Amino acid sequence: MNQKIDFNSLRERAKEFYNGSEPSHDFSHIERVKNLALRIGKYENADLKVLRTAALFHDIGREKEKRGSINCHAEWSAEKTSKILREEKLDSEFIERVVECISAHRYSRGKEPDTLESEILSDADNLDALGAIGIARVFSYGGSNGVEFKGNNSSIQHIHDKILSLRDRMFTDLGKKMAVERTFYVEKFIERFEEEWIGEK
Ligand SMILES: [Fe+2]
Ligand SMILES: [Fe+2]
């Protein structure tokens, strides 16, 4: 497949969907997921064009889901991306592979990644929820939504319930390795946080 893809134009088209997103899910999340996906993709010999495109568009429906106008941003983003890529006259097999990645990136929604590229996108998205960036995103999201630091339904609770379990649902070898390292960093943070919380450090 030797189609020419204008990534600058795709990037511009994707970017407008993230206008007004809160910092935890703004376009910088997209850039980081793209960089992580390309890094893992090179290591795994995956299709980097599919990955780059899927990363750019994977959360375009997130704002809509947040406002309650759609149910599942993964599904909506996949459909909308398919439409945009058809307008850009891209190859239909390529479009299908991108759509596959996007529709499977959200694990709570039944559909499991079952291609190398969809596994990599899922790993990259989960890695951005871990490590120093992951911690920053949890508290930033909490701040935007009036969530307390500690206690029931707090940011710390969210880290325990969700963030610390992400390493168990990684697919690729490099993704797993990076997730273990990033999770270790989060665990250290929690330990220190708890000590500071009661004035012990
Ligand atoms: Fe998402
Ligand atoms: Fe994402």
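The values are calculated or read from the model by the stated rules, or taken from the named source; none is laboratory data. All values derive from a computational prediction rather than experimental measurement. Note: ideal-geometry Cβ built from the backbone for every residue, glycine included; neighbour counts use all protein chains shown.
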### Task
Could you grab me the full set of residues in segment 72-117 that are within 16 Å of ligand 2 (Cβ to nearest atom) and among the small types (Gly, Ala, Ser)?
ALA74, SER77, ALA78, SER103, ALA104, SER108
### Message
For segment 47-61, check the following and say yes or no: at least one residue is surrounded by fewer than 19 Cβ atoms within 10 Å (Cβ to Cβ) and either among the polar types (S, T, N, Q) or within 13 Å of ligand 2 (Cβ to nearest atom) (or both).
### Response
no
### Message
Let me spell it out: the conditions are (1) assigned by TED's automatic domain parsing to the domain that holds ASN8; (2) in contact (Cβ under 8 Å) with a residue 12 or more places away in the chain, and LYS150 meets all of them except one. Which number is the exception?
### Response
(1)
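How many of the residues in segment 22-46 are surrounded by fewer than 18 Cβ atoms within 10 Å (Cβ to Cβ) and either of a type outside the set (S, T, N, Q) or over 18 Å from ASN126 (Cβ atoms) (or both)? Give the steps one after another, and end with the answer.
We begin by selecting, within segment 22-46, every residue surrounded by fewer than 18 Cβ atoms within 10 Å (Cβ to Cβ); these are 22-23, 26-28, 31-32, 35, 38-39, 42-43, 45.
Next, only the ones that are either of a type outside the set (S, T, N, Q) or over 18 Å from ASN126 (Cβ atoms) (or both) stay: 22-23, 26-27, 31-32, 38-39, 42-43, 45.
Going through segment 22-46 one residue at a time, the tally reaches 11.
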